[in-house]
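Reviewing the structure listed below.
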Amino acid sequence: MLKKLAIFVLVPSLLGVIITACAGPTPFIPTPTPDTTPPVISSVASSSITSSSAVIAWTTNEAADSQVEYGTTTSYGTSTTLNTALITSHTVNLTGLAASTTYHYRVKSKDAVGNLATGTDNVFITQTPTPVVAYKTYGLNFGPYTKTKLVGKIAHESGPYTKDGQNPDLGTQVSEAQIRELIGIIAPYTQWIRTFGCTNDLEVVGKIAHEYGLKIAVGAWLSKDLSANEAEIASLINIGKAGEADLLIVGSEVLLRNDLTEAQLIDYINRVKSAVPGIPVATADTYGELLSHPAVMAAGNVVLPNYYPYWEGVNVTKAVVFIHQKHKEIIAAAGGKQIIVSESGWPSAGDAKGEAVPSPENASFFFLNFVSWAQATDTSYFYFEAFDEPWKIANEGAVGAHWGVWDKNGVMKPGMKDVFDGETMPDNWSDSDIPGGPGTPEINFTYVPPYGSSDYLEGQVWHIKTSEYRVAVYIKVRGGWWTKPYWSSPLTNIHYDGGWVCDIVTGGVDEEATEIAAFLVPAGYNPPSMSGGDTLPSELDTAVAKALVTRTP
């Protein structure tokens, strides 16, 4: 039997509504299937990122609410206020963020019946706020490609290999993204950057520097490898022709390393000058090498000397006095050309060299002192260097990793900010009087390393104008006399106060020397080169003054 269903029909009438009824079968009404499918999240993106905020956007395939979880780890820890509006295009603003910080985030959307969808983990990095800089350095050394540069016995290198494990000697190539990141950190603080090489995917540095509004001195690394030199020169010329350099540097400390002859180096300089006539061209080397090779200085459009008081064992309080003295010699020899100090700096950690002690305090003191001198004397410069580079420890020891104004993580070191805040130091670099005053010139030893030691020899001169004299040092080993420190560097510079330091252990069994001789000679004197002769030449008897000491095993 079919069940009967009373159906009431409303019939309008003049008297109101008449309700009638009839009977019929009961209809089938299906039970609705519940919605258990969460929204599908897509197109998740972060945008409008500043130092303290970001915008997160995403879409869903059905109307749903909006919420974002975020934090500095994948545990998140913070959620935005739930936006209950049911929409398919979602936008959430994150505010109150920390600058220069990596944030993790994930989005969440729930539909009308409560089905929740949670997105995957995403990351963005907040910007570094543009600093307020009262003074910008003239330039910073930022070399994206290097080889080993020898300063005395020490390997000295430069390049933005700031991350642990990066090492150009092992074939590491710095990505364009990393170059942009590092230049972005220093761009607010400098007018120029200077590089050391221009091949192996590093041709882009000039273009990137210009994008940041910086000028750039692009360097070509020259060595004994003539094939590699050709590649560097070709790249340097191409960069110059493309307008992606403001100064072209043909080699760095090539003469110091004896990698090329003077004639070879001058030929490279002239080739670049001819190919790119609209951009200044020169080579960079230590002040001593440039003074010894006037033809090289003459070949360049500018003069680019390196001054490193640390490597010469100068106390940090006297370092800029030392630079001031040597710089005057360069000025006198430069023939009126513009002089740009291509390298000078001080390490914040590592081993002491004579009276030169690395420390954070000394590094910041030297930075401020050097920049104060540069401003007062209207001297252009490229300070060494922008960032610490951990890989240099392998070649230079601990000191090699600590020359940066910024550490390897891009954090400015303590005390360095004083320079950028516009602070300066009063003049402490002007020449002092003749050490000891007028009198008969003298030279003596203040420290003679014991037999078997590799310490530096130290001495003092009196009653002469230090900029006009040098010291020629010889040691006697197993019956033969040898020039020190090197045949290529036979003269030792004298500090403004008369002090001098010489490395007398530079090869063989030098630590076994039984006699040490030092001669005070005019700056332009070319001392005889000794390589094992049993007596010193008689011409040394005409030295202004001399000192001799004997050591026993």
So the check is Cβ under 7 Å with 6+ separation or different chains; which pairs have a first residue in the range 29-46 that's aliphatic (A, V, I, L, M) and a second one that's part of a loop (DSSP other than H, G, I, E, B)? I41/G119; V44/G119
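One line per residue, one yes/no per condition, for (1) surrounded by 20 or more Cβ atoms within 10 Å (Cβ to Cβ); (2) among the aliphatic types (A, V, I, L, M):
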residue	(1), (2)
V281	yes, yes
L290	yes, yes
P294	no, no
Y308	yes, no
Conditions (1) surrounded by fewer than 19 Cβ atoms within 10 Å (Cβ to Cβ); (2) at pLDDT 95 or above; number of the one not met by K484: (1)
Considering (1) more than 18 Å from E355 (Cα to Cα); (2) surrounded by 13 or more Cβ atoms within 10 Å (Cβ to Cβ), say which one V501 fails and leave the rest. (1)
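Here's the yes/no breakdown for (1) assigned by TED's automatic domain parsing to the domain that holds D225; (2) modelled with pLDDT under 95; (3) part of a loop (DSSP other than H, G, I, E, B):
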residue	(1), (2), (3)
N270	yes, no, no
T283	yes, no, no
E289	yes, no, no
V296	yes, no, no
Y308	yes, no, yes
G313	yes, yes, yes
What tally of residues in the range 470-488 results from selecting those that are assigned to a strand (DSSP E or B) and either more than 14 Å from A547 (Cβ to Cβ) or not aromatic (F, W, Y) (or both)? 13
Selection count, the range 202-238, where residues are within 16 Å of V272 (Cβ to Cβ) and of a type in the set (S, T, N, Q): 3
Within the range 395-439, restricting to residues that are modelled with pLDDT of 95 or more, among the β-branched types (V, I, T) and assigned to a loop (DSSP other than H, G, I, E, B), the one that is surrounded by the most Cβ atoms within 10 Å (Cβ to Cβ) is V405
Say whether the condition of being assigned to a strand (DSSP E or B) and at pLDDT below 90 is met by at least one residue in the range 136-145. no
Considering the range 492-508 alone, what residues qualify as being touching a residue at least 60 places away in the same chain (Cβ under 8 Å) and not small (G, A, S)? N493, H495, Y496, D497, V501, D503, T506
Mind telling me which of the residues S348, S364 ends up being outside any helix (DSSP H, G or I), touching a Lys or Arg at 6+ places or on another chain (Cβ under 9 Å) and farther than 21 Å from V296 by Cβ? S348
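So in the range 333-353, with the set limited to residues that are within 30 Å of I504 (Cα to Cα) and surrounded by fewer than 22 Cβ atoms within 10 Å (Cβ to Cβ), which one is nearest to the chain's Cα centre (by Cα)?
For the range 333-353, the residue satisfying everything is A349.
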Restrict the check to the range 332-343 and report whether at least one residue is modelled with pLDDT of 95 or more, on the phi < 0 side of the Ramachandran plot and part of a helix (DSSP H, G or I). yes
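Conditions tested, residue by residue: (1) farther than 30 Å from P131 by Cα; (2) crowded, with 17+ Cβ neighbours inside 10 Å.
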site: S42; (1), (2): yes, no
site: S52; (1), (2): no, no
site: V55; (1), (2): no, no
site: A64; (1), (2): yes, yes
site: Y70; (1), (2): no, yes
site: L82; (1), (2): yes, no
site: K108; (1), (2): yes, yes
site: G114; (1), (2): yes, no
site: T118; (1), (2): yes, no
Strands (runs of 3 or more DSSP E) fully within the range 1-110 counting 1 or more residues that are modelled with pLDDT under 95 and touching a Lys or Arg at 6+ places or on another chain (Cβ under 9 Å): 16-24
Selection count, the range 207-232, where residues are surrounded by 22 or more Cβ atoms within 10 Å (Cβ to Cβ) and not acidic (D, E): 8
List the residue pairs whose Cβ atoms are under 9 Å apart, where the first residue sits in the range 216-231 and is of a type in the set (F, W, Y), the second is in a helix (DSSP H, G or I), and the two are 6 or more positions apart or on different chains. W221/A228; W221/N229; W221/E232
Being assigned by TED's automatic domain parsing to the domain that holds S467, in a strand (DSSP E or B), loosely packed, with under 14 Cβ neighbours inside 10 Å and of a type in the set (G, A, S): is that true of G507 here? no
Starting from the range 525-549, take each residue that is assigned by TED's automatic domain parsing to the domain that holds T514 and list its partners that are surrounded by 14 or more Cβ atoms within 10 Å (Cβ to Cβ) and part of a helix (DSSP H, G or I), counting only C-beta distances under 9 angstrom and pairs at least six apart or across chains. P527/L540; P528/L540; K546/L540
One residue from P528, P553 being surrounded by 14 or more Cβ atoms within 10 Å (Cβ to Cβ) and outside any strand (DSSP E or B): P528
State the number of residues belonging to the range 433-454 that are closer than 17 Å to E312 by Cβ and without any contact (Cβ under 8 Å) to a residue 40 or more places away in the chain. 1
Which residues, counting only those in the range 405-432, are in contact (Cβ under 8 Å) with a residue 60 or more places away in the chain and either small (G, A, S) or touching a His at 6+ places or on another chain (Cβ under 8 Å) (or both)? G410, G422, W429, S430, D431, S432
Only one of these conditions is not met by G197: (1) at pLDDT below 95; (2) within 30 Å of V501 (Cβ to Cβ). Which number is it? (2)
Does L548 satisfy being farther than 18 Å from D455 by Cβ, out of contact with any His (no Cβ under 7 Å at 6 or more places or on another chain) and assigned to a strand (DSSP E or B)? yes
Matching residues, the range 443-479, being within 30 Å of E262 (Cα to Cα) and not basic (K, R): Y456, T466, S467, E468, Y469, V471, A472, V473, Y474, I475
Taking the range 441-496 on its own, how many of its residues are charged (D, E, K, R) and over 17 Å from K353 (Cβ atoms)? 6
Is the range 376-398 home to any residue that is of a type in the set (V, I, T) and in contact with a Ser or Thr (Cβ under 9 Å, 6 or more places away or on another chain)? no
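The values are calculated or read from the model by the stated rules, or taken from the named source; none is laboratory data. Values in this document were obtained by computation on a predicted structure and should not be read as measured data. Quick reminder, even Gly has a Cβ in these numbers, built from the backbone with ideal geometry, and neighbours come from all protein chains shown.
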